[in-house]
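Data block below; observations after.
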Amino acid sequence: MNAVTEMNIERGMIVKKRFWQAMLIGFLLICILVGGIFFGGVALAVPIGGIGGFIIESSRIEATEFQLTPKLGESSEQKSIPQGSARLNGKIYDLKLYKDLKIPGGKTVRILITAEKPVEVKGLQLDLSKLNANATFNNLAIKETYSDQWDKKFGLQAPSFVFKNASITSHYLFTNSITLPGLGLKVETIGNE
């Protein structure tokens, strides 16, 4: 390294070659992750969430065999935060899954995964800290159970539900199988700060 490069690094300047190498490696890791989603049993357990988490948006989610229980889970920003652990099978319409990352220079990069047609999931487990939707449940049961373990004392179950205009902040996603027709991946800068 020459003296000018060392001086730039000391002053907080970005070395463009290293920055683009890091971006390329990150993009390749995301491609491997998406490939895993595409080819079978998948865990998105990488901590791509903070208390902000990664966001899942959908115009409609139709699900069966729904269960929701409380838990404490980690995120990329905190060791332990209150969450709900949901399990279900179903279809997700107009899927958008994204994470916003702040990068040097005050910019924010969004990593966005989309699907053109309904996504089918089986054995989906989703740890979430926030959910906004217009919800319709069939035979919803909210149940308290005696237990020495705090996370076994309360839960929700329903044989089916529909969420419209859903926005979910999640920190972990695993599915036994998923079909992503028209899969799209986009990395874009979304603003300056």
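The values are calculated or read from the model by the stated rules, or taken from the named source; none is laboratory data. All figures in this text were calculated on a predicted structure; none of them were measured in a lab. Note that we place each Cβ from the backbone using ideal geometry, even for glycine, and neighbour counts take in every protein chain shown. The accessibility values were calculated without ligands, DNA or RNA, using every heavy atom of the protein model including side chains. Shrake-Rupley method; radii C 1.70, N 1.55, O 1.52, S 1.80 Å.
Computed quantities for the displayed model
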quantity: Any hit, segment 169-189, residues being free of Cβ contacts under 8 Å to residues at least 12 places away in the same chain and more than 30 Å from Gly105 (Cβ to Cβ); calculated: no
quantity: Failed condition for Thr108, given (1) open to solvent by less than 60 Å² (accessible area, probe 1.4 Å); (2) farther than 30 Å from Gly182 by Cβ; calculated: (2)
quantity: Any hit, segment 183-193, residues being open to solvent by less than 30 Å² (accessible area, probe 1.4 Å) and at pLDDT 85 or above; calculated: yes
quantity: Any hit, segment 146-157, residues being modelled with pLDDT under 90, surrounded by fewer than 12 Cβ atoms within 10 Å (Cβ to Cβ) and in contact with a Lys or Arg (Cβ under 6 Å, 6 or more places away or on another chain); calculated: yes
quantity: Top-ranked residue in segment 121-145 [being over 18 Å from the mean Cα position of the chain (by Cα) and surrounded by 14 or more Cβ atoms within 10 Å (Cβ to Cβ); ranked as farthest from Glu65 (Cα to Cα)]; calculated: Ala135
quantity: Which listed residue is surrounded by 19 or more Cβ atoms within 10 Å (Cβ to Cβ) and modelled with pLDDT under 80, from Ile81, Ile56, Ile37, Ile113; calculated: Ile37
